[in-house]
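Structure first, commentary second.
The values are calculated or read from the model by the stated rules, or taken from the named source; none is laboratory data. Remember, predicted model here, so these are calculated numbers, not experimental data. Reconstructed Cβ throughout: ideal geometry from the backbone, glycine too, with neighbour counts over all protein chains shown. All accessible areas refer to the heavy atoms of the entire protein, side chains included, with ligands and DNA or RNA removed. Shrake-Rupley method; radii C 1.70, N 1.55, O 1.52, S 1.80 Å.
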Amino acid sequence: PRSVAIHEQRLCFGGTTSQPNTVWCSKVDDFEDFQLGSSADDALQFTVASSEGNRIAWMFSQKRLMIGTSGDEWTIGGADSSSPFSASNIQAQRQSSYGSKTTRAILLNDVLLFLQRRGRKVRELTYNFERDGWVAPDLCL
C-alpha cells in the first residue's frame, strides 16, 4: 500500500498497485485482523469511487478519514454520525478536485496541509461552515 493511517482504532491501508483507490481497515482494536464481516467492529474494505480511479496518495485521521488521491480529496466516515464507522455505515464524500502529491499530509494547528498534485502549491484542507464542507485554499498566494 502507498499510504497508512490509524482511524477510530482501526489500522487502514490504501493505494496498492493492483487496487489503487481501495482502502482496507482492520477490525477494531485488532490491527492484525483484516477478515471482513458484517459486525460493526469487523474489518472493512471500500473503494473510493471516483470517475477516474485515482490512486490514493495519503490518508490522515481526523473526525473523518481524510484521503488525498491523485485527482481529488475525500472524507470517509459514518453515514450516520451517531453510529461508528463500519462496513454497514460508511459514506465517502469528495471535498475538492485539486489532486494530491504522494507526500504525506501534515496537521498544523488543526489544519491539514498537503501538496497539490504537481508539488507546486501547498493547500490547507479545512472545514468551512458556510459551505458545510471542506475547502482547500492555496497557501502560496
Rel. contact order, % - alpha carbon contacts under 8 angstrom, at least six apart, region 29-141
17 percent
Charge tally for neighbours of PHE34 with beta carbon under 12 Å away, counting Lys, Arg as +1 and Asp, Glu as -1, is -2
Stretched out fully, how many nm does the piece from GLN19 to ARG118 gain, at 0.36 nm a residue minus the Cα gap?
33.4 nm
Along region 100-116, what does the Karplus equation 6.51 cos²θ - 1.76 cosθ + 1.60 (θ = phi - 60°) give for ³J(HN,Hα), rounded to whole Hz, x for Gly and Pro?
10, 7, 6, 5, 4, 6, 10, 9, 9, 6, 6, 10, 8, 9, 8, 8, 5
Whole-Hz ³J(HN,Hα) for each residue in region 73-81, computed from phi via Karplus 6.51 cos²θ - 1.76 cosθ + 1.60 with θ = phi - 60°, x for glycine and proline: what do you get?
10, 10, 10, 10, x, x, 5, 9, 5
Give me the number: length gained by fully extending SER83 to GLU52, i.e. 0.36 nm times residue separation minus the C-alpha to C-alpha distance, one decimal in nm.
8.1 nm
What part of the accessible area of region 59-141, given as a whole %, is carbon or sulfur when the probe is 1.4 angstrom?
48 percent
State, in angstrom, two size descriptors of region 1-103 derived from its alpha carbons: Rg to one decimal place and Dmax to the nearest whole number.
12.6, 35
Going highest first, how would you order 37-43, 11-17 by mean Cβ packing within 10 Å?
11-17, 37-43
When the Cα atoms of region 79-132 are enclosed in a convex hull and the volume is divided per residue, what value in Å³ results?
131 Å³
³J(HN,Hα) across region 91-99 via Karplus (A = 6.51, B = -1.76, C = 1.60, θ = phi - 60°), whole Hz, x for Gly/Pro?
9, 10, 10, 6, 10, 7, 10, 7, x
How do the peptides 98-108, 123-133, 48-58 rank, highest first, by the average count of neighbouring beta carbon atoms within 10 Å per residue?
48-58, 98-108, 123-133
What number comes out for the charge environment of ARG120, summing +1 per Lys or Arg and -1 per Asp or Glu over other residues with Cβ under 15 Å away?
+4
The chain - accessible surface per residue (Å², probe 1.4 Å):
55 Å²
When the Cα centres of region 1-73 and region 95-128 are compared, how far apart do they sit, in Å?
18 Å
